[in-house]
1. From the set of residues in the range 338-368 that are among the hydroxyl-bearing types (Ser, Thr, Tyr) and assigned to a loop (DSSP other than H, G, I, E, B), which is nearest to Ile193 (Cα to Cα)?
2. Which members of the range 6-32 meet the condition of being surrounded by 11 or more Cβ atoms within 10 Å (Cβ to Cβ) and β-branched (Val, Ile, Thr)?
3. In the list Phe321, Phe312, which residue meets the criterion of being out of contact with any Phe, Trp or Tyr (no Cβ under 6 Å at 6 or more places or on another chain) and either in a helix (DSSP H, G or I) or of a type in the set (Lys, Arg) (or both)?
4. Which residue pairs have Cβ atoms closer than 6 Å, lie 6 or more positions apart in sequence or on different chains, and pair a first residue in the range 304-333 that is not assigned by TED's automatic domain parsing to the domain that holds Ala192 and surrounded by 21 or more Cβ atoms within 10 Å (Cβ to Cβ) with a second residue that is among the charged types (D, E, K, R) and assigned to a helix (DSSP H, G or I)?
5. Are any residues in the range 369-388 in a helix (DSSP H, G or I) and of a type in the set (D, E, K, R), and if so, which ones?
6. Inside the range 256-311, can you point out the residues that are more than 25 Å from Gly128 (Cα to Cα) and either in contact with a Leu (Cβ under 6 Å, 6 or more places away or on another chain) or of a type in the set (S, T, N, Q) (or both)?
7. Which of the residues that make up the range 1-35 are touching a residue at least 40 places away in the same chain (Cβ under 8 Å) and out of contact with any strand residue (DSSP E or B) (no Cβ under 7 Å at 6 or more places or on another chain)?
8. Looking at the range 148-155, is at least one residue closer than 30 Å to Arg253 by Cα, touching a Pro at 6+ places or on another chain (Cβ under 9 Å) and in a loop (DSSP other than H, G, I, E, B)?
Amino acid sequence: MLYSIVEMQRAAMMPWRVAVNFQRALLANPLNPIAQTPFGRNLSAASDLFEAMTRRYEKPEWRIDSTVINGIKVPVTIETVWSSAWCSLVHFKRDKQALAEARGPNWVEPRVLIAAPLSGHFATLLRGTVEAFIQDHDVYITDWHDARDVPIGMGRFDLDDYIEHIREMLVQVGPKAHVVAVCQPGPPVLAAIALMAEDKDPALPASMTYMGSPIDARCSPTVTNKLAEEKPFTWFESKMIQTVPPIFPGAFRRVYPGFVQLASFMQMNMDRHIDAHRDFFNHLVAGDGDEAEKHREFYDEYLAVLDLSEEFYLQTIQKVFQEYHLPRGILMCRDRLVKPQLIKTVALMTVEGEKDDISGIGQTQAAHDICTGIPKKMQYDYVQEGVGHYGVFNGRRFKSEIYPRQKQFIRTYFSADKERQFLAAG
């Protein structure tokens, strides 16, 4: 019912949006005599703010068409190399000729699979992460689909399906790749690699990095963790799950709506968001287009959310945040026990933020405790001072302090000769 009410509210706002957009167009006309008056600038800013606050934010574009390597512009083509109803494996393919000019004709670089979170936002939230990695790596990313757009006839998607999707995409990327799991994917990515290690899968990656991930949510519990602990499982079943209205392709599918997740995130820092929108209004009035554009770019991404399937969301709540199956050694996938201790040849790196209010200190480090088969010399832990959850994978501190360490870690377990053999095999 809540989902339908939200959509009815959106529909009710449409006449107002049409009127406001018409007003914006009038005020943007340089021939309008009141456009540059204090009254006109305030009215225009109010119109822009109303439009921004009532818009449906669709999935953003990647907006990555090139990168710069050694001072040379290298074009980038975004290709989908594998897909299912639930996810696309996206490859940021760099132009070979420009890359050879920038690096040399015989230079090869590590293949990296970035496991983007399926927790409300689109994979494009990791745009800054991708932009950093494509300078030195051949980058792929998991681009999860919005559950509201998956027809109900395509069946269910649960935590086991997620694990199997990760494994299938690792096979597509190829052996000796390097996995970087950001936030939510930590437990299922580790599970997928554990199953591959047990099966001696030839596509086993060379290294795995977990960034701000709830490997063991019992450590340094945050507000999010405490909510999952305090509320009974039946509360999440009855309060968090909604039915997709008929206006979407996934009509009648049961989902955890993205707008509910977004409301939860915003409630945690409501004062900050109110201040940001107040500043946005003031920048518009003052004609500070650069600062206003920064606001737009951030919120165009932050307010674009997707729905999660009911079964995936509820199983994640139960197995990751309430019963802690992975660190307790009881996680099952398709009736198979996941055994992280069997991972022996995959190097492990963990990254945490000192001020992370989503995944507290120690939750990601727990990967070292359960991956007992990996030699200590192949394990590396790093805690970044002064950053919160978002800063672990994006922003200035990520690019200047975290990414260089990840780059070095991956290079340590990368073989150029083996990479050439893999590429030659096609």
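The values are calculated or read from the model by the stated rules, or taken from the named source; none is laboratory data. In this text the structure is predicted, and so the values were computed from the model without any measurement. Backbone-built Cβ (ideal geometry, glycine too); neighbour counts: all protein chains shown.
1. Within the range 338-368, the subset among the hydroxyl-bearing types (Ser, Thr, Tyr) is 345, 350, 359, 364.
In the following step, the residues that additionally are assigned to a loop (DSSP other than H, G, I, E, B) were identified as 345, 359, 364.
Numbers: Thr345: 11, Ser359: 21, Thr364: 16 Å.
Across the range 338-368, the extreme among qualifying residues is Thr345.
2. Val6, Val20
3. Numbers: Phe312 fails: out of contact with any Phe, Trp or Tyr (no Cβ under 6 Å at 6 or more places or on another chain).
Only one candidate passes the filter, namely Phe321.
4. Matching pairs, first to second residue: Asp307/Arg148.
5. Within the range 369-388, the subset in a helix (DSSP H, G or I) is 369-370, 376-378.
Across the range 369-388, the qualifying residues are Asp369, Lys376, Lys377.
6. Tyr256, Phe281, Asn282, Ser309
7. If the condition is that a residue be touching a residue at least 40 places away in the same chain (Cβ under 8 Å) and out of contact with any strand residue (DSSP E or B) (no Cβ under 7 Å at 6 or more places or on another chain), then Met1, Ser4, Val6, Glu7, Arg10, Met13 are the ones that fit.
8. Yes, that holds for at least one residue.
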